[in-house]
Amino acid sequence: MKIQTISYDHPDAVALDGQAQAEYTRRYGSGDVTPLRSAYFDPPNGIYLLGYAADAPVASGGWRAQDAPDEGYARGDAELKRMFVVPEARGQGLSRRILAALEQSAREAGRIRMVLETGALLAEAVRLYTSSGYAPTEGFGTYRGDPESVFFEKAL
């Protein structure tokens, strides 16, 4: 897989995001309602990555800077968003490669903690994050207080 920095509104990113939203809808009955804009992922305040295999987008993920204590964030947070691997490419370690690249990018940008929210029903995501050193944390952002959400953190 070749990993490229790309704009969140690039057609390949939009296509993968659509697939992720469809999966959320299948599992939860609706997509993710977190407001996201392409500018949130513009360096140095974030980054969005796509993984390509045979010139086809197969994996995605990004982080955006978060510093709003009133929403449950802490100064220096990077929030992980839109981690997704197409079904036919799962089980090959692609999400781990995207995650490692995102952590490195956030660290280089001066962020000190990566935080994320995922669905409690996404067992494969929970396994990825816990096996990558993430620990449960208090809720934040759009889904804090939602019983179907779980929250994780990792020092960078």
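The values are calculated or read from the model by the stated rules, or taken from the named source; none is laboratory data. Being a predicted model, the structure only gives us computed values, none of them experimental. Note: ideal-geometry Cβ built from the backbone for every residue, glycine included; neighbour counts use all protein chains shown. These area figures cover heavy atoms from the full protein model, side chains too; ligands, DNA and RNA do not enter into them. Shrake-Rupley method; radii C 1.70, N 1.55, O 1.52, S 1.80 Å.
Can you give the FRET efficiency to the nearest 0.05 for GLU71 and ARG107, using r as the Cβ-Cβ distance and R₀ = 22 Å? About 0.45, to the nearest 0.05. Heavy-atom surface analysis with a 1.4 Å probe gives segment 44-156 a carbon and sulfur content of 52 percent of its accessible area.
Under the simplified labelling scheme, the THR130-VAL33 pair shows an inter-label distance of 2.8 nm, with each label point 7 Å from Cα along Cα→Cβ. Shown here for segment 10-87: trypsin sites (Lys or Arg not before Pro) in loop regions (DSSP other than H, G, I, E, B) with at most 16 other Cβ atoms within 10 Å, namely ARG37, ARG75. The alpha carbons of the chain stretch over 42, 35, 29 Å along the principal axes, in descending order.
Each residue, GLU23 and GLN92, gets one label point 7 Å from its Cα in the Cβ direction; the gap between the two is 1.4 nm. Rolling a 1.4 Å probe over the protein heavy atoms gives the chain an accessible area of 49 Å² per residue.
In the frame of its principal axes, segment 1-49 has Cα extents of 34, 26, 15 Å, reported largest first.
Taking θ as phi - 60° and the Karplus parameters 6.51, -1.76 and 1.60, the scalar couplings of segment 96-112 work out to 5, 5, 4, 4, 4, 5, 5, 4, 4, 4, 5, 4, 5, 7, x, 6, 10 Hz in sequence order, x denoting glycine and proline.
Counted by Cβ distance under 12 Å from GLU23, the other residues give a net charge of +1, where Lys and Arg count +1 and Asp and Glu count -1.
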